[in-house]
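For reference, the structure is listed below as structure tokens.
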2 protein chains.
Amino acid sequence: MCELLGMSANVPTDIHFSFTGLMQRGGRTGPHKDGWGIAFYEGRGLRLFQDPVASCESEVAKMVQHYLIKSNVVIGHIRHANVGKVALVNTHPFVRELWGQHWCFAHNGQLADFEPARSFYRPVGDTDSEAAFCDLLNRIRSDFPERVAAEDLLPHLLDACSTYRAKGVFNCLLSNGEWLFSFCSTKLAQITRRAPFGPAQLKDAELTVDFTAETTPNDVVTVLATEPLTDNEQWDIHQSGEWTLWRLGECVARGQVA
Amino acid sequence: MCELLGMSANVPTDIHFSFTGLMQRGGRTGPHKDGWGIAFYEGRGLRLFQDPVASCESEVAKMVQHYLIKSNVVIGHIRHANVGKVALVNTHPFVRELWGQHWCFAHNGQLADFEPARSFYRPVGDTDSEAAFCDLLNRIRSDFPERVAAEDLLPHLLDACSTYRAKGVFNCLLSNGEWLFSFCSTKLAQITRRAPFGPAQLKDAELTVDFTAETTPNDVVTVLATEPLTDNEQWDIHQSGEWTLWRLGECVARGQVA
């Protein structure tokens with residue numbers, strides 16, 4: 001199993017604290033030593049950093065930790081390989097362009113007997129995750145050749161996620177830079193931080209941050225992760241079938257499929 | 001005008017020396033201060049590093065220089081903005097998936113009255129370069145829905161490049177990871193290094209490398225750049241309309257369109 005990390009914020013925010021916690025699970029406090037990746041939206045642009053080595057030993061991860069990249073939407077992932085060998089091409093998150101936007105996707109889980117129809121978007125690597133992402137985009141493109149609002153897309157997204165979930169474990173994060181969507185099949189947690197901010201203590205490293213010093217009173221920052229990253233805050237643990245949609249840090253829709 | 005950098009090699013090779021030379025032109029010895037990017041193929045995977053700031057001042061560029069990434073195919077670019085504001089989204093190289101392969105493209109030049117038909121691949125940013133790349137992929141996809149060899153693709157590639165060149169200046173590098181294609185409209189230089197290797201002296205920085213110490217006798221490494229990067233070697237200066245196709249460092253096809 002892999003670990004997911006997502007962020008949606010109303011101001012460009014650095015994810016240094018959460019990223020530091022997650023990176024420990026990549027070979028130190030967790031077994032996810034088969035690569036890691038993180039994507040930062042910067043306007044309509046997307047920065048993607050990946051490495052098919054343990055995140056706790058990755059030179060690129062060190063650079064990302066020291067270089068404080070600020071973003072409104074982030075998707076990160078650390079990998080414990082099951083389908084597909086350890087290689088850059090199999091490292092999440094995956095990116096494709098749809099409607100003139102960069103879409104970004106990361107998956108935690110495993111799908112059985114998943115052989116989607118060959119269509120426009122095709123996996124470059126060997127993972128069931130990238131195959132599911134391509135299938136999802138092929139469905140969206142087929143239903144909506146032109147851009148629609150996330151709200152109109154939601155029923156289609158949920159249909160697709162339900163199909164994948166029926167084939168195994170499908171926890172995922174998806175974004176086009178405007179919004180961040182999550183789907184929980186077995187495991188996902190979330191926290192929304194807003195004023196009054198307080199201190200937070202990482203579970204996986206000796207690091208505490210006082211968000212009061214790092215934020216303004218209007219900041220709203222939501223973080224999603226496979227498991228809570230801090231041990232002194234109340235995280236919302238998502239149920240199986242629960243999905244959420246975030247824009248600028250705020251939840252704009254949420255629900256649960258059967 | 002921007003500057004291009006390309007590499008094709010028969011063994012995974014680090015491009016540290018050439019990259020160091022190019023980066024100086026990004027704000028120090030050259031005026032290309034509006035961003036830079038470099039893409040390294042690693043098997044079928046692709047690492048893309050970009051920054052919309054002067055390369056000589058970029059933290060990400062420093063990391064790329066110190067972290068010796070070895071690759072068989074590299075495409076790099078430093079930007080002097082003309083069309084499209086300075087932003088990550090407008091920073092070359094651009095990447096799209098076609099036929100289950102990551103395609104990568106960088107352009108030097110400017111196109112006038114270029115308004116390609118809206119089709120599958122769409123630009124995310126505002127540059128004529130990304131619009132040309134998307135148009136090129138739309139043409140290829142329309143002519144060849146399934147993968148073909150580079151040799152079969154060539155006439156179509158050359159048709160497209162000739163069209164773009166008629167609309168302005170169109171020097172470009174294109175790769176799908178298997179081969180590297182170049183098209184010269186006004187300015188492109190190339191060198192192929194093989195045994196016996198000798199020392200090379202950068203034009204843009206006080207740096208000399210003795211390739212004898214860094215290579216084996218079987219290595220073949222071709223570097224393409226807008227202008228020669230070294231001043232003690234003989235570079236092949238491409239003519240207007242000249243194109244080349246490289247695989248594993250060797251030229252597998254070349255010619256010139258009228």
Practice task
May I ask you to verify whether B:W103 is at positive phi and surrounded by fewer than 24 Cβ atoms within 10 Å (Cβ to Cβ)?
Solution key: no
Completion exercise
Checked A:G168, A:G241 against criteria (more than 14 Å from the chain's Cα centre (by Cα), among the small types (G, A, S) and closer than 18 Å to A:A106 by Cβ); the one match is A:G168
Problem - Any strands (runs of 3 or more DSSP E) falling wholly within region B:187-242 and containing at least 2 residues that are surrounded by 14 or more Cβ atoms within 10 Å (Cβ to Cβ) - result: B:189-193, B:199-201, B:221-225
Exercise for the section: Please go through region A:90-117 and pick out each residue that is within 9 Å of chain B (Cβ to nearest Cβ), assigned to a strand (DSSP E or B) and under 16 Å from the mean Cα position of the chain (by Cα). Expected result: A:V95, A:R96, A:H102
Problem - Top-ranked residue of region B:143-158 - restricted to ones that are more than 19 Å from the chain's Cα centre (by Cα) and closer than 12 Å to B:W179 by Cα, ranked as modelled with the highest pLDDT - result: B:A149
Handout entry: Positions within region A:121-140 being within 14 Å of chain B (Cβ to nearest Cβ) and either surrounded by fewer than 17 Cβ atoms within 10 Å (Cβ to Cβ) or of a type in the set (D, E) (or both), in sequence order
Key = A:D126, A:E130, A:D135
Practice task
Select from region B:39-49 the residues that are within 7 Å of chain A (Cβ to nearest Cβ), in contact with a helix residue (DSSP H, G or I) (Cβ under 7 Å, 6 or more places away or on another chain) and assigned to a strand (DSSP E or B) and write down the one among them that is surrounded by the fewest Cβ atoms within 10 Å (Cβ to Cβ).
Solution key: B:G45
Handout entry: Test: residue in region A:54-70 that is at pLDDT 95 or above and aliphatic (A, V, I, L, M)
Key = no
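Matching residues to (1) free of Cβ contacts under 8 Å to residues at least 12 places away in the same chain; (2) more than 14 Å from A:A9 (Cα to Cα); (3) in contact with a strand residue (DSSP E or B) (Cβ under 7 Å, 6 or more places away or on another chain):
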| site | (1), (2), (3) |
| --- | --- |
| A:D204 | no, yes, no |
| A:D210 | no, yes, yes |
| A:A213 | yes, yes, no |
| A:E227 | no, yes, yes |
| A:N232 | no, yes, yes |
| A:L245 | no, no, yes |
| A:G255 | no, yes, yes |
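The values are calculated or read from the model by the stated rules, or taken from the named source; none is laboratory data. A quick note: this is a predicted structure, and the numbers were derived from the prediction, not measured. Quick reminder, even Gly has a Cβ in these numbers, built from the backbone with ideal geometry, and neighbours come from all protein chains shown.
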